[in-house]
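**Q** Before anything else, here's the structure in question.
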Amino acid sequence: MKLDAHVHTLFSGKTTIYPVHKILNESYNPPELVYSRAKARGMDLVAITDHDTIDGALTLADRPDLIIGEEITAIFPEDNVTVHLGVLDINEQQHREIQRLRRNIRELMPYLKSQGIFTTLNHLASQTAGRLTAAHIATLIPWVDGLEVLNGTRLPSQNRTAAALAEAYGKVGVAGSDSHTFRGLGKTYMVADHAFVSRPATQCTRDHLVLPLAPTSRLVLAGRWRSSRYHTPK
């Protein structure tokens, strides 16, 4: 079963890149076309993970293979450093509470854990969201379920750093295109098998990564799957 776990639509709003942040959007893709393109490229499940909103995902909420997700812009209150967290399989009430708490990550993380919300630290080795230090990452590691070990828009070295941390800390590895256009959509994805991996094993090349995937309690993404393959095109 294939899933691109990190996808944006036009509901992600304006880009945060200065100085074009007032005129350019993060994405111009309508949710319906994102869904149909992902299905055409072989995705069995489709996740919509817009920045700090689930409005786009809710337009497709009647689809049984749709995962309502969100990429949270969370803030460390002591130094205003921001971080992107991916959450999957959430509802409207949870989204509202997430938005209320996201400006203080020390309040947000316990809430996510208490709700059993599958949470991923996204593109941790890049500085797209904020200038994360080792101390920031160490603070987050106990609270997150997974690390984004393959992001279709990041450098191979950045993905390798995330994969190494995921293996070291026994975290679920997640892959996604982080696509803001149709070009990359569904080309970086995870493939979950029902095979059991009894001990951690990592195999990494330029475009293919094999990691064990631990089970989660709720998320259809992981279910009871114990292993995953990750792919991104060369």
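**Q** Taking a threshold of 23 Å on the Cα-Cα distance, which of the pairs 39/171; 113/171; 113/187 fall above it?
**A** Over 23 Å Cα-Cα: 39/171; 113/187.
**Q** Just to be sure I understand the model, the point goes 7 Å from the Cα along the line to the Cβ. What's the resulting residue 139 to residue 39 distance in nm?
**A** 4.2
**Q** Using the charge dipole of region 90-183 (Lys, Arg: +1 at Cβ; Asp, Glu: -1 at Cβ; taken about the Cα centre), state which of 147, 116, 101 has its Cα farthest towards the positive end.
**A** The Cα lying farthest towards the positive end belongs to 101.
**Q** Moving on to the next point. If the chain between residue 92 and residue 2 were fully stretched, how many nm would it gain, using 0.36 nm times the residue separation less the Cα-Cα distance?
**A** On the way: separation 90, 0.36 × 90 = 32.40 nm, distance 2.53 nm.
Net length gain for the segment: 29.9 nm.
**Q** Would you list, by chain and number, the aspartates and glutamates whose Cα falls below 17 Å from the Cα of residue 14, excluding same-chain residues fewer than 8 positions away?
**A** 26, 50, 52, 55, 70, 71, 178
**Q** Restricting the count to DSSP beta bridges whose residues both fall in region 2-185, what percent are antiparallel, rounded to a multiple of 5?
**A** Looking only at bridges with both residues in region 2-185, the antiparallel portion is about 50 percent.
**Q** What do you get when you divide the Cα radius of gyration of region 2-185 by 2.2 N^0.38 Å, with N the number of residues?
**A** Ratio of Rg to 2.2 N^0.38 Å for region 2-185: 0.96.
**Q** Right, something else. Can you tell me which of 140-153, 59-72 comes out highest on packing, and rank the rest after it, using the mean Cβ neighbours within 10 Å? Let's see the in-between values first.
**A** Values: 140-153: 22.2, 59-72: 18.4.
By packing density, highest mean first, the sequence is 140-153, 59-72.
**Q** Starting from 0.36 nm per residue, how many nanometres of slack lie between residue 63 and residue 24 once their C-alpha separation is accounted for?
**A** Fully extending the segment from residue 63 to residue 24 adds 11.1 nm.
**Q** Fully extended, how many nm does the chain gain between residue 128 and residue 14 (0.36 nm per residue separation, minus their Cα-Cα distance)?
**A** 39.6 nm
Only the coordinates and a few stated rules stand behind these numbers; no lab work does. Here the structure is a predicted model, which is why all the values come from computation and not from measurement. With ideal geometry, Cβ positions are generated from the backbone for all residues, glycine too; neighbour counts draw on all protein chains shown.
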